[in-house]
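The values are calculated or read from the model by the stated rules, or taken from the named source; none is laboratory data. On a predicted model such as this, the values are computed, not experimentally measured, just so you know. Don't worry about glycine lacking a Cβ; one is built from the backbone with ideal geometry, like all the others, and counts go over all protein chains shown. Only protein heavy atoms, including side chains, enter the accessible area calculation; ligands, DNA and RNA are left aside. Shrake-Rupley method; radii C 1.70, N 1.55, O 1.52, S 1.80 Å.
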Protein chains: 2
Amino acid sequence: LPGKKVLIVYAHQEPKSLNGSLKNVTVEELSKQGCSVTVSDLYAMQFEPRATRNDIVGCLHNSEKFNYGVEVREAYKRGDLSSDVIEEQKKVQEADLLIFQFPLYWLSMPAIMKGWMDRVLVEGFAHQFPNCYNSGYLKNKLALFSFTTGGSQEMYTKGGISGDIRYALWPMQHGIMHYCGVKVLAPHICFAPESVSEEERKEMLLAWAQRLKTLWKEKPIDCSPEWYFK
Amino acid sequence: LPGKKVLIVYAHQEPKSLNGSLKNVTVEELSKQGCSVTVSDLYAMQFEPRATRNDIVGCLHNSEKFNYGVEVREAYKRGDLSSDVIEEQKKVQEADLLIFQFPLYWLSMPAIMKGWMDRVLVEGFAHQFPNCYNSGYLKNKLALFSFTTGGSQEMYTKGGISGDIRYALWPMQHGIMHYCGVKVLAPHICFAPESVSEEERKEMLLAWAQRLKTLWKEKPIDCSPEWYFK
(Lines give C-alpha, C1' and ligand atoms only; values in the text may rest on other atoms or scores of the structure.)
Protein backbone atom coordinates (compact mmCIF):
# COMPACT_ATOMS: atom_id res chain seq x y z
CA LEU A 1 0.00 0.00 0.00
CA PRO A 2 1.49 3.39 -0.94
CA GLY A 3 2.83 5.23 2.09
CA LYS A 4 3.08 2.19 4.34
CA LYS A 5 6.35 1.70 6.17
CA VAL A 6 7.92 -1.72 6.49
CA LEU A 7 10.88 -2.91 8.54
CA ILE A 8 12.49 -6.20 7.51
CA VAL A 9 14.57 -7.76 10.28
CA TYR A 10 16.74 -10.17 8.35
CA ALA A 11 19.09 -12.82 9.72
CA HIS A 12 21.08 -14.80 7.19
CA GLN A 13 24.82 -14.84 6.64
CA GLU A 14 24.65 -15.37 2.86
CA PRO A 15 23.09 -12.86 0.45
CA LYS A 16 22.72 -15.65 -2.18
CA SER A 17 20.68 -17.86 0.17
CA LEU A 18 16.95 -18.40 -0.26
CA ASN A 19 16.42 -16.19 2.78
CA GLY A 20 18.45 -13.49 1.05
CA SER A 21 16.34 -13.87 -2.09
CA LEU A 22 13.11 -13.79 -0.10
CA LYS A 23 14.27 -10.58 1.55
CA ASN A 24 15.13 -9.08 -1.85
CA VAL A 25 11.72 -10.05 -3.24
CA THR A 26 10.09 -8.32 -0.26
CA VAL A 27 12.06 -5.11 -0.81
CA GLU A 28 11.30 -5.09 -4.54
CA GLU A 29 7.63 -5.96 -4.35
CA LEU A 30 6.78 -3.61 -1.49
CA SER A 31 8.81 -0.75 -2.96
CA LYS A 32 6.93 -1.23 -6.23
CA GLN A 33 3.70 -0.82 -4.26
CA GLY A 34 4.95 2.53 -2.97
CA CYS A 35 5.85 1.35 0.52
CA SER A 36 8.93 2.66 2.22
CA VAL A 37 11.09 -0.33 3.16
CA THR A 38 13.96 -0.50 5.68
CA VAL A 39 16.14 -3.56 6.23
CA SER A 40 18.02 -4.43 9.39
CA ASP A 41 20.53 -6.95 8.06
CA LEU A 42 21.62 -8.32 11.42
CA TYR A 43 24.73 -10.29 10.38
CA ALA A 44 25.95 -7.50 8.09
CA MET A 45 25.47 -5.05 10.98
CA GLN A 46 27.23 -7.51 13.31
CA PHE A 47 24.28 -6.88 15.57
CA GLU A 48 25.07 -7.53 19.25
CA PRO A 49 22.76 -10.24 20.65
CA ARG A 50 24.02 -10.17 24.25
CA ALA A 51 22.04 -8.24 26.87
CA THR A 52 24.75 -6.57 28.94
CA ARG A 53 25.68 -3.50 30.91
CA ASN A 54 26.96 -1.98 27.64
CA ASP A 55 23.33 -1.34 26.64
CA ILE A 56 23.20 1.45 29.22
CA VAL A 57 25.18 4.63 28.59
CA GLY A 58 26.57 6.30 31.70
CA CYS A 59 25.71 5.44 35.28
CA LEU A 60 23.54 2.57 36.42
CA HIS A 61 20.35 2.88 38.43
CA ASN A 62 21.78 0.26 40.82
CA SER A 63 25.39 -0.67 40.25
CA GLU A 64 25.50 -2.89 43.36
CA LYS A 65 23.33 -5.54 41.79
CA PHE A 66 22.86 -5.41 38.03
CA ASN A 67 19.31 -6.10 36.89
CA TYR A 68 19.13 -5.91 33.09
CA GLY A 69 15.36 -5.39 32.88
CA VAL A 70 15.34 -2.58 35.44
CA GLU A 71 18.43 -0.91 34.01
CA VAL A 72 17.19 -0.77 30.41
CA ARG A 73 13.75 0.40 31.53
CA GLU A 74 15.36 3.27 33.43
CA ALA A 75 17.86 4.00 30.65
CA TYR A 76 15.02 4.13 28.12
CA LYS A 77 13.26 6.79 30.23
CA ARG A 78 16.46 8.84 30.44
CA GLY A 79 17.28 8.37 26.74
CA ASP A 80 20.42 6.51 27.79
CA LEU A 81 20.16 3.26 25.85
CA SER A 82 23.09 2.43 23.59
CA SER A 83 22.84 3.94 20.13
CA ASP A 84 22.37 0.65 18.26
CA VAL A 85 19.28 -0.15 20.35
CA ILE A 86 17.86 3.38 19.93
CA GLU A 87 18.38 3.08 16.18
CA GLU A 88 16.34 -0.13 16.01
CA GLN A 89 13.61 1.29 18.24
CA LYS A 90 13.23 4.25 15.85
CA LYS A 91 12.81 1.86 12.93
CA VAL A 92 10.19 -0.13 14.86
CA GLN A 93 8.38 3.04 15.90
CA GLU A 94 8.08 4.21 12.31
CA ALA A 95 7.03 0.87 10.86
CA ASP A 96 3.47 -0.24 10.12
CA LEU A 97 4.66 -3.79 9.43
CA LEU A 98 7.58 -5.81 10.79
CA ILE A 99 8.75 -8.76 8.69
CA PHE A 100 11.14 -11.23 10.31
CA GLN A 101 13.08 -13.22 7.70
CA PHE A 102 15.27 -16.07 8.96
CA PRO A 103 16.11 -19.77 8.83
CA LEU A 104 14.52 -21.70 11.72
CA TYR A 105 17.30 -22.78 14.11
CA TRP A 106 16.21 -25.30 16.75
CA LEU A 107 12.47 -24.56 16.41
CA SER A 108 13.21 -20.88 17.01
CA MET A 109 15.02 -17.80 15.74
CA PRO A 110 18.79 -17.69 15.27
CA ALA A 111 20.42 -16.21 18.39
CA ILE A 112 21.26 -12.97 16.59
CA MET A 113 17.54 -12.34 16.00
CA LYS A 114 16.58 -13.43 19.52
CA GLY A 115 19.09 -10.83 20.69
CA TRP A 116 17.27 -8.20 18.64
CA MET A 117 14.05 -9.10 20.50
CA ASP A 118 15.80 -9.20 23.90
CA ARG A 119 17.51 -5.81 23.46
CA VAL A 120 15.14 -3.71 21.34
CA LEU A 121 11.71 -4.46 22.85
CA VAL A 122 12.46 -2.71 26.12
CA GLU A 123 9.88 -2.15 28.85
CA GLY A 124 8.48 1.36 28.50
CA PHE A 125 9.08 1.31 24.75
CA ALA A 126 7.22 -1.82 23.62
CA HIS A 127 5.14 -2.74 26.68
CA GLN A 128 4.69 -1.98 30.34
CA PHE A 129 2.61 -4.36 32.39
CA PRO A 130 -0.44 -4.25 32.41
CA ASN A 131 -0.01 -2.61 29.00
CA CYS A 132 0.63 -5.82 27.17
CA TYR A 133 -1.14 -8.03 24.64
CA ASN A 134 -4.07 -6.03 23.27
CA SER A 135 -2.86 -2.89 25.02
CA GLY A 136 0.88 -3.30 24.31
CA TYR A 137 2.61 -0.13 23.15
CA LEU A 138 3.15 -1.38 19.58
CA LYS A 139 -0.54 -2.00 19.13
CA ASN A 140 -1.10 -0.42 15.73
CA LYS A 141 1.53 -2.50 14.00
CA LEU A 142 1.57 -5.79 12.14
CA ALA A 143 4.21 -8.53 12.17
CA LEU A 144 4.91 -11.46 9.90
CA PHE A 145 7.33 -14.33 10.49
CA SER A 146 8.82 -15.56 7.22
CA PHE A 147 11.24 -18.46 7.55
CA THR A 148 12.82 -21.52 6.03
CA THR A 149 13.14 -24.93 7.69
CA GLY A 150 15.61 -27.79 7.47
CA GLY A 151 12.96 -30.47 7.86
CA SER A 152 10.10 -31.32 5.55
CA GLN A 153 6.50 -30.20 6.01
CA GLU A 154 5.44 -33.67 7.28
CA MET A 155 7.99 -33.48 10.10
CA TYR A 156 6.27 -30.31 11.34
CA THR A 157 2.76 -31.69 11.63
CA LYS A 158 0.83 -32.72 14.70
CA GLY A 159 1.83 -36.38 14.36
CA GLY A 160 5.27 -35.57 12.89
CA ILE A 161 8.51 -35.91 14.87
CA SER A 162 8.98 -32.16 15.28
CA GLY A 163 5.34 -31.46 16.09
CA ASP A 164 2.99 -28.91 14.57
CA ILE A 165 5.01 -25.90 13.36
CA ARG A 166 2.50 -23.73 15.22
CA TYR A 167 3.88 -25.00 18.54
CA ALA A 168 7.18 -23.37 17.62
CA LEU A 169 5.43 -20.14 16.67
CA TRP A 170 3.88 -19.65 20.11
CA PRO A 171 6.87 -18.03 21.86
CA MET A 172 7.68 -15.85 18.85
CA GLN A 173 4.25 -14.70 17.72
CA HIS A 174 2.30 -14.82 20.97
CA GLY A 175 5.04 -14.48 23.58
CA ILE A 176 6.85 -11.62 21.87
CA MET A 177 4.83 -9.83 19.18
CA HIS A 178 1.37 -10.25 20.62
CA TYR A 179 2.71 -9.32 24.09
CA CYS A 180 3.79 -5.96 22.63
CA GLY A 181 0.33 -5.46 21.11
CA VAL A 182 1.42 -6.24 17.55
CA LYS A 183 -1.13 -8.05 15.39
CA VAL A 184 0.29 -11.07 13.61
CA LEU A 185 -0.29 -12.07 9.99
CA ALA A 186 -0.13 -15.74 9.01
CA PRO A 187 3.47 -16.97 8.92
CA HIS A 188 5.17 -17.66 5.61
CA ILE A 189 7.07 -20.91 5.66
CA CYS A 190 9.36 -22.39 3.02
CA PHE A 191 9.87 -26.01 4.00
CA ALA A 192 13.22 -27.70 3.35
CA PRO A 193 14.43 -25.49 0.48
CA GLU A 194 17.77 -27.30 0.56
CA SER A 195 16.09 -30.58 -0.29
CA VAL A 196 14.19 -29.40 -3.37
CA SER A 197 15.12 -28.51 -6.94
CA GLU A 198 16.22 -25.08 -8.15
CA GLU A 199 12.89 -24.95 -9.99
CA GLU A 200 10.94 -25.47 -6.77
CA ARG A 201 12.98 -22.82 -4.97
CA LYS A 202 12.03 -20.39 -7.73
CA GLU A 203 8.40 -21.29 -7.19
CA MET A 204 8.84 -20.52 -3.50
CA LEU A 205 10.04 -17.02 -4.40
CA LEU A 206 7.16 -16.52 -6.82
CA ALA A 207 4.62 -17.66 -4.26
CA TRP A 208 5.97 -15.14 -1.75
CA ALA A 209 5.94 -12.32 -4.32
CA GLN A 210 2.36 -13.29 -5.12
CA ARG A 211 1.31 -13.20 -1.48
CA LEU A 212 2.89 -9.76 -1.02
CA LYS A 213 0.64 -8.33 -3.73
CA THR A 214 -2.42 -8.71 -1.52
CA LEU A 215 -0.71 -8.62 1.88
CA TRP A 216 -2.41 -5.41 3.00
CA LYS A 217 -5.81 -7.01 2.55
CA GLU A 218 -4.99 -9.87 4.90
CA LYS A 219 -6.61 -10.14 8.30
CA PRO A 220 -4.37 -10.93 11.30
CA ILE A 221 -4.62 -14.42 12.75
CA ASP A 222 -6.56 -14.94 15.93
CA CYS A 223 -3.54 -15.05 18.22
CA SER A 224 -5.19 -17.20 20.89
CA PRO A 225 -4.08 -20.58 22.29
CA GLU A 226 -6.65 -22.26 20.02
CA TRP A 227 -4.81 -21.13 16.87
CA TYR A 228 -1.64 -22.79 18.13
CA PHE A 229 -2.85 -25.89 19.94
CA LYS A 230 -6.50 -26.42 18.88
CA LEU B 1 25.95 -39.36 42.74
CA PRO B 2 29.73 -39.76 43.25
CA GLY B 3 31.58 -39.78 39.95
CA LYS B 4 28.82 -38.17 37.91
CA LYS B 5 29.82 -35.26 35.72
CA VAL B 6 27.66 -32.18 35.46
CA LEU B 7 27.88 -29.19 33.13
CA ILE B 8 26.03 -26.04 34.19
CA VAL B 9 25.39 -23.66 31.29
CA TYR B 10 24.68 -20.42 33.10
CA ALA B 11 23.42 -17.15 31.63
CA HIS B 12 23.05 -14.24 34.03
CA GLN B 13 24.99 -10.98 34.10
CA GLU B 14 24.92 -10.58 37.88
CA PRO B 15 26.60 -13.04 40.30
CA LYS B 16 24.37 -11.73 43.12
CA SER B 17 21.16 -12.50 41.23
CA LEU B 18 18.85 -15.37 42.19
CA ASN B 19 20.08 -17.18 39.08
CA GLY B 20 23.64 -16.72 40.34
CA SER B 21 22.66 -18.10 43.74
CA LEU B 22 20.82 -21.04 42.19
CA LYS B 23 23.95 -21.82 40.16
CA ASN B 24 26.10 -21.63 43.31
CA VAL B 25 23.72 -23.92 45.19
CA THR B 26 23.99 -26.43 42.33
CA VAL B 27 27.79 -26.36 42.39
CA GLU B 28 27.91 -26.75 46.18
CA GLU B 29 25.28 -29.44 46.52
CA LEU B 30 26.49 -31.60 43.63
CA SER B 31 30.16 -31.23 44.61
CA LYS B 32 29.23 -32.34 48.11
CA GLN B 33 27.69 -35.47 46.56
CA GLY B 34 31.02 -36.22 44.89
CA CYS B 35 30.01 -35.09 41.41
CA SER B 36 32.47 -33.25 39.22
CA VAL B 37 30.88 -29.93 38.24
CA THR B 38 31.87 -27.60 35.40
CA VAL B 39 30.28 -24.18 34.80
CA SER B 40 30.07 -22.37 31.48
CA ASP B 41 29.36 -18.82 32.66
CA LEU B 42 28.32 -17.43 29.30
CA TYR B 43 28.34 -13.68 30.07
CA ALA B 44 31.63 -13.92 31.98
CA MET B 45 33.11 -15.81 29.00
CA GLN B 46 31.60 -13.20 26.65
CA PHE B 47 30.35 -16.21 24.75
CA GLU B 48 29.72 -15.47 21.07
CA PRO B 49 26.05 -16.14 20.16
CA ARG B 50 26.29 -15.37 16.42
CA ALA B 51 26.62 -18.25 13.96
CA THR B 52 29.14 -16.95 11.45
CA ARG B 53 31.98 -17.89 9.15
CA ASN B 54 34.33 -17.35 12.11
CA ASP B 55 33.17 -20.69 13.52
CA ILE B 56 35.15 -22.44 10.79
CA VAL B 57 38.96 -22.35 10.92
CA GLY B 58 40.68 -22.25 7.54
CA CYS B 59 39.06 -22.80 4.17
CA LEU B 60 35.36 -23.25 3.54
CA HIS B 61 33.75 -26.27 1.94
CA ASN B 62 31.93 -23.89 -0.42
CA SER B 63 33.02 -20.28 -0.25
CA GLU B 64 30.80 -19.27 -3.18
CA LYS B 65 27.63 -19.64 -1.16
CA PHE B 66 28.00 -19.81 2.61
CA ASN B 67 25.76 -22.41 4.24
CA TYR B 68 26.33 -22.38 8.01
CA GLY B 69 24.89 -25.85 8.67
CA VAL B 70 26.94 -27.51 5.94
CA GLU B 71 30.13 -25.64 6.84
CA VAL B 72 30.07 -26.49 10.55
CA ARG B 73 29.19 -30.11 9.79
CA GLU B 74 32.21 -30.37 7.50
CA ALA B 75 34.46 -28.40 9.87
CA TYR B 76 33.45 -30.71 12.73
CA LYS B 77 34.56 -33.74 10.68
CA ARG B 78 37.91 -32.10 9.91
CA GLY B 79 38.39 -30.88 13.50
CA ASP B 80 38.25 -27.32 12.19
CA LEU B 81 35.60 -25.72 14.37
CA SER B 82 36.66 -22.62 16.29
CA SER B 83 38.28 -23.36 19.64
CA ASP B 84 35.45 -21.93 21.80
CA VAL B 85 32.95 -24.31 20.18
CA ILE B 86 35.29 -27.31 20.52
CA GLU B 87 35.79 -26.44 24.18
CA GLU B 88 32.03 -26.49 24.85
CA GLN B 89 31.59 -29.73 22.89
CA LYS B 90 34.22 -31.40 25.08
CA LYS B 91 32.35 -30.32 28.19
CA VAL B 92 29.08 -31.67 26.77
CA GLN B 93 30.72 -34.93 25.73
CA GLU B 94 32.05 -35.53 29.23
CA ALA B 95 28.86 -34.59 31.05
CA ASP B 96 26.20 -36.98 32.33
CA LEU B 97 23.87 -34.10 33.12
CA LEU B 98 23.45 -30.65 31.55
CA ILE B 99 21.79 -27.99 33.69
CA PHE B 100 20.68 -24.79 31.96
CA GLN B 101 20.30 -21.92 34.43
CA PHE B 102 18.81 -18.66 33.12
CA PRO B 103 16.10 -16.03 33.40
CA LEU B 104 13.28 -16.59 30.90
CA TYR B 105 13.44 -13.83 28.25
CA TRP B 106 10.40 -13.66 25.97
CA LEU B 107 9.19 -17.22 26.72
CA SER B 108 12.62 -18.51 25.76
CA MET B 109 16.32 -18.48 26.57
CA PRO B 110 18.39 -15.28 26.54
CA ALA B 111 20.08 -14.88 23.13
CA ILE B 112 23.49 -15.71 24.58
CA MET B 113 22.23 -19.16 25.59
CA LYS B 114 20.36 -19.67 22.31
CA GLY B 115 23.69 -18.97 20.64
CA TRP B 116 25.28 -21.72 22.71
CA MET B 117 22.64 -24.14 21.35
CA ASP B 118 23.02 -22.86 17.77
CA ARG B 119 26.83 -23.11 17.74
CA VAL B 120 27.69 -26.07 19.99
CA LEU B 121 25.12 -28.72 19.00
CA VAL B 122 26.58 -29.22 15.53
CA GLU B 123 25.40 -31.91 13.12
CA GLY B 124 27.72 -34.91 13.40
CA PHE B 125 28.47 -34.09 17.03
CA ALA B 126 25.00 -33.97 18.61
CA HIS B 127 22.78 -35.49 15.91
CA GLN B 128 22.74 -36.54 12.29
CA PHE B 129 19.39 -37.24 10.71
CA PRO B 130 17.93 -39.89 11.08
CA ASN B 131 20.00 -40.13 14.27
CA CYS B 132 17.81 -37.78 16.25
CA TYR B 133 15.35 -37.98 19.14
CA ASN B 134 15.76 -41.41 20.71
CA SER B 135 18.83 -42.12 18.60
CA GLY B 136 20.46 -38.67 18.85
CA TYR B 137 24.19 -38.73 19.54
CA LEU B 138 23.86 -37.37 23.09
CA LYS B 139 21.52 -40.17 24.06
CA ASN B 140 23.02 -41.21 27.38
CA LYS B 141 22.80 -37.77 28.91
CA LEU B 142 20.25 -35.90 30.99
CA ALA B 143 19.25 -32.23 30.80
CA LEU B 144 17.39 -29.95 33.19
CA PHE B 145 16.09 -26.45 32.49
CA SER B 146 16.20 -24.31 35.63
CA PHE B 147 14.93 -20.78 35.21
CA THR B 148 13.30 -17.73 36.73
CA THR B 149 10.35 -15.82 35.30
CA GLY B 150 9.19 -12.22 35.40
CA GLY B 151 5.51 -13.12 35.55
CA SER B 152 3.63 -14.95 38.26
CA GLN B 153 2.72 -18.63 38.19
CA GLU B 154 -0.94 -17.84 37.32
CA MET B 155 0.14 -15.98 34.18
CA TYR B 156 1.82 -19.17 32.95
CA THR B 157 -1.17 -21.48 33.23
CA LYS B 158 -3.42 -22.82 30.52
CA GLY B 159 -5.98 -20.04 30.98
CA GLY B 160 -3.37 -17.42 31.92
CA ILE B 161 -2.29 -14.63 29.58
CA SER B 162 1.10 -16.18 28.84
CA GLY B 163 -0.25 -19.72 28.44
CA ASP B 164 0.93 -22.93 30.09
CA ILE B 165 4.66 -22.66 30.80
CA ARG B 166 5.01 -26.07 29.14
CA TYR B 167 4.20 -24.48 25.76
CA ALA B 168 7.38 -22.43 26.12
CA LEU B 169 9.36 -25.53 27.05
CA TRP B 170 8.55 -27.35 23.81
CA PRO B 171 11.22 -25.75 21.58
CA MET B 172 13.88 -25.97 24.30
CA GLN B 173 13.26 -29.42 25.78
CA HIS B 174 11.78 -31.26 22.82
CA GLY B 175 13.11 -29.28 19.86
CA ILE B 176 16.68 -29.09 21.10
CA MET B 177 17.54 -31.55 23.89
CA HIS B 178 15.24 -34.39 22.94
CA TYR B 179 16.27 -33.97 19.28
CA CYS B 180 19.87 -34.68 20.33
CA GLY B 181 18.75 -37.78 22.23
CA VAL B 182 19.09 -36.19 25.67
CA LYS B 183 16.54 -37.27 28.28
CA VAL B 184 14.91 -34.38 30.07
CA LEU B 185 14.23 -34.08 33.80
CA ALA B 186 11.30 -31.99 35.02
CA PRO B 187 12.08 -28.26 34.73
CA HIS B 188 12.78 -26.22 37.84
CA ILE B 189 10.96 -22.91 37.79
CA CYS B 190 11.20 -20.01 40.22
CA PHE B 191 8.25 -17.78 39.43
CA ALA B 192 8.58 -14.01 39.78
CA PRO B 193 11.44 -13.90 42.29
CA GLU B 194 11.58 -10.12 41.92
CA SER B 195 8.03 -9.80 43.22
CA VAL B 196 8.48 -11.80 46.43
CA SER B 197 10.19 -11.22 49.76
CA GLU B 198 13.82 -11.97 50.56
CA GLU B 199 12.50 -14.75 52.80
CA GLU B 200 10.63 -16.38 49.91
CA ARG B 201 13.70 -16.14 47.69
CA LYS B 202 15.66 -17.99 50.35
CA GLU B 203 12.98 -20.66 50.36
CA MET B 204 13.37 -20.97 46.59
CA LEU B 205 17.09 -21.68 47.07
CA LEU B 206 16.37 -24.21 49.80
CA ALA B 207 13.77 -25.99 47.66
CA TRP B 208 16.28 -26.31 44.82
CA ALA B 209 19.01 -27.60 47.17
CA GLN B 210 16.48 -30.10 48.49
CA ARG B 211 15.55 -31.30 45.02
CA LEU B 212 19.23 -31.76 44.12
CA LYS B 213 19.68 -34.23 46.98
CA THR B 214 17.51 -36.81 45.22
CA LEU B 215 18.01 -35.64 41.63
CA TRP B 216 19.76 -38.82 40.49
CA LYS B 217 16.73 -40.87 41.49
CA GLU B 218 14.40 -38.85 39.27
CA LYS B 219 12.90 -40.35 36.13
CA PRO B 220 12.98 -38.25 32.95
CA ILE B 221 9.69 -36.78 31.80
CA ASP B 222 7.85 -38.40 28.94
CA CYS B 223 9.00 -35.93 26.28
CA SER B 224 5.97 -36.41 24.02
CA PRO B 225 3.46 -33.81 22.74
CA GLU B 226 1.03 -34.98 25.46
CA TRP B 227 3.34 -33.78 28.23
CA TYR B 228 3.35 -30.30 26.70
CA PHE B 229 -0.14 -29.87 25.31
CA LYS B 230 -2.27 -32.65 26.87
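Worth a mention:
- Where B meets A: accessible area buried, both sides, 1.4 Å probe, Å²: 4100 Å²
- Fluctuation leader among A:44, A:95, A:143 - chain A, Gaussian network, Cα springs under 10 angstrom: A:44
- Convex hull volume of the C-alpha atoms in segment A:5-229, normalised per residue: 128 Å³.
- Å² of accessible area per residue within segment A:136-225, as computed with a 1.4 Å probe and no ligands counted: 43 Å²
- Within segment B:85-106, backbone nitrogen closer than 17 Å to the virtual label 7 Å beyond the Cα of residue A:129 toward Cβ: B:103-106
- Inter-copy label distances for residue B:31: 5.9 nm (label point placed 7 Å from Cα along Cα→Cβ; shortest first).
- Shortest-first nm distances, residue A:15 label point to equivalent points in other copies (7 Å, Cα→Cβ): 4.6
- In Å², nearest 10: area of residue B:206 left accessible to a 1.4 Å probe: 120 Å²
- Helix runs (DSSP H) in chain B reaching 20 Å along axis by Cα, Kyte-Doolittle at least -0.5: B:18-32
- For the residue pairs A:230/B:23; A:23/B:114; A:91/A:158; A:5/B:65, the alpha carbons lie more than 28 Å apart in A:230/B:23; A:91/A:158; A:5/B:65.
- Virtual spin-label span in nm between residue B:197 and residue A:93, 7 Å along Cα→Cβ: 4.2 nm
- Distances in nm from residue B:158 to the matching label points in the other copies, shortest first (labels 7 Å along Cα to Cβ): 1.6
- Charged side chains reduced to their Cβ positions (Lys and Arg at +1, Asp and Glu at -1) give the protein assembly as shown a dipole of some 580 debye around its Cα centre.
- Cα centroid of segment B:1-80 to Cα centroid of segment B:178-230, whole Å: 21 Å
- Value of relative contact order over chain B, rounded to a whole percent, pairs C-alpha under 8 Å and six or more apart: 21 percent
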